[in-house]
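To keep things clear, I will list the structure first and then write my remarks on it.
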Amino acid sequence: MSDVRRTRNGRPVHHWRRDVVELAALFTAVAVADAVANLVGHRPDGPVLLAISAVALLATAGFHTWWARRHNHAPPTGDTDARRLPTEHAGQSEQPDTEVRTGAGPQTTNQATVTALWRMRTTVRDEPGSLAALCTALAPLRVDILSLQTHPLGEGTVDEFLLRAPQELPAAELSRVVSRAGGSGTWIERADAHDLVDAPTRILGLATRTALDAAELPLALRQLLGRCTIRSLPATTMSGRRTESAPVEGALEGTVIRLRAPEGGVITVERPYLPFTPTEFARARALVELDARLGPRIPRSQDVLTLPEGNAITVRRADSNDVEAAKAMQERCSRATLSKRYHGPVGDADRYLNHLLSPRFGRTLAAQTASGRIVALGHLLWDGDETEIALLVEDDWQRRGIGTELLGRLVAMAVEAGCESVYAVTQASNTGMVAAMRGLGLPLDYQIEEGTLVITARLEATPVRSRLPYEGPRAAFEQAEQH
């Protein structure tokens, strides 16, 4: 019969006053019952007294029922372990249909708030409590810190955050709050779902891609370091002069990283909006050292395609080992074809091939006959922040769909590499290249100046698929998937 309640720390509290009252009532009832029994048994008006006792018992029972309903034994809401959510956090449930219950109160359903992902970097003082002050300042804005990386400096620390914030919260407000909390040099940009992968996993993935394909090194560096411009300079120019060099261990110069390329040239990485940290420099250098140890390499997969007239050609990746075969193809091309491709002296065409076929500067696709003779080349070239696309098809093999096939594959590679657009430089009279670009079915921009036409394709749509039937391993694999 005792009433037991729990305080917020969970310890039981016994209400002794209520226990004493109930025991007193019990003893009183026993005494009254004994007195009534004596009166009924020894006095003539006993039946009247018995009736009066019954009325008194009913009245007592009614009073007890009223008292119990008014003073419920259940503990009030404030004495339970459950805590009410603050009003400013209402609707911040991770799941849209989460029910929040507090004691005997009503149930409320909260809808999820629309949020956005941000990447933010800021420099804080290297002293205890500086990071805590920054995190505390973000909490009232309902900003959730999903991940944090620290980059120690000589003085201070660069903290890199991945944040989830309400959609309506502007970047300027985030920067202002961070600045008031002690952050300096704050940089912020939108993030996406790919940034949810933790840094070690992302770096391992980039290392794997680089190990499989030497052409992936510039792309891996760009994804590792964010928005930056990457340029590869050969050890010597085409005229034989030596270019700038970099120390063996590389150099970190604020917003510029210079690393020695495996073949002796220089790889420069520039990011004007934010200086590189020693941690980023060490990661980039490790990626380049991995590339150097593995040496030249490209995927050796190939596809056999059937042309409309029945000839079979093989499309594969090409590299510096194909320089001699590519020179032989150019010797079979007419001067007009070479002029449309290189926009310069035709006699210098062979000197471009070492650069064009190097995996350091992009990816190259070759189309060859059953006898192994190369009849077409397609290039996807990394040009700083932009990507150039170029084609050269031998005269006797033009107008057969080979150029369109190579172009579609190169665009697919650009999409896979995360490029936003590709551009082709050609002559205004090169109707074949114009038709091939239009055949992609992508939004195109045209710029023409003094007979030179620049066509830019914005990679907002799915690139065109191959129009030629497969006969090679990939075709067999696709047929097996369909069945």
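Taken over the range 333-409, the convex hull of the Cα atoms encloses 109 Å³ per residue. Stretching LEU204 away from ARG285 to a fully extended chain increases their span by 27.7 nm, per 0.36 nm per residue minus the current alpha-carbon distance.
Whole-Hz Karplus values for the range 287-296 come out as 5, 5, 5, 4, 4, 5, 5, 7, x, x Hz, taken residue by residue from phi with 6.51 cos²θ - 1.76 cosθ + 1.60 and θ = phi - 60°; glycine and proline positions read x.
Working from the Cα coordinates of the range 152-212, the gyration tensor eigenvalues give, after taking √(5λ), semi-axes of 28, 18, 8 Å in decreasing order.
For the range 168-241, the Cβ-based charge dipole about the Cα centre amounts to some 400 debye (Lys, Arg positive; Asp, Glu negative; other atoms uncharged).
For the range 345-458, a simple Cβ point-charge model (Lys and Arg +1, Asp and Glu -1, everything else neutral) yields a dipole of about 440 debye relative to the Cα centre.
At R0 = 56 Å, how high is the FRET efficiency between ARG351 and TRP187 if r is their beta carbon distance? Nearest 0.05 is fine.
The computed FRET efficiency comes out at 0.85.
Using the Cβ-Cβ distance between SER339 and ASP383 with R0 set to 25 Å, the FRET efficiency from 1/(1 + (r/R0)^6) comes to roughly 0.75. Across the range 151-289, how large is the tail of the calculated P(r) beyond 19 Å, expressed as a percent of all Cα pairs? When all Cα pairs of the range 151-289 are counted, 59 percent exceed 19 Å. Quick one: in the range 285-356, what % of C-alpha pairs are over 15 Å apart? Every Cα pair in the range 285-356 considered, those over 15 Å come to 69 percent. Full extension of the chain between SER245 and LEU153 yields a length gain of 30.5 nm, computed as 0.36 nm times the residue separation minus the alpha carbon distance. If you take all other residues with their beta carbon under 15 Å from the beta carbon of SER429, and give Lys and Arg +1 and Asp and Glu -1, the sum is +1. The peptide list 317-328, 440-451, 252-263, put in order of mean Cβ contacts within 10 Å with the highest first, becomes 252-263, 317-328, 440-451.
Given a 1.4 Å probe, how much area per residue of the range 277-343 is accessible, in Å²?
Roughly 49 Å² per residue, with all protein chains present.
Go ahead and run the numbers for FRET between ALA172 and THR306, Cβ-Cβ distance against an R0 of 41 Å, rounding to 0.05. Taking R0 as 41 Å, the efficiency between ALA172 and THR306 is 0.10. In this view, the solvent-accessible surface of SER147, computed with a 1.4 Å probe and all protein chains in place, comes to about 50 Å². Normalised by residue count, the range 183-236 yields a Cα convex hull volume of 132 Å³ per residue.
The values are calculated or read from the model by the stated rules, or taken from the named source; none is laboratory data. Quick caveat, the model's predicted, so the values are computed rather than measured. Positions of Cβ are backbone-derived with ideal geometry, glycine not excepted, and every protein chain shown enters the neighbour counts. Only protein heavy atoms, including side chains, enter the accessible area calculation; ligands, DNA and RNA are left aside. Shrake-Rupley method; radii C 1.70, N 1.55, O 1.52, S 1.80 Å.
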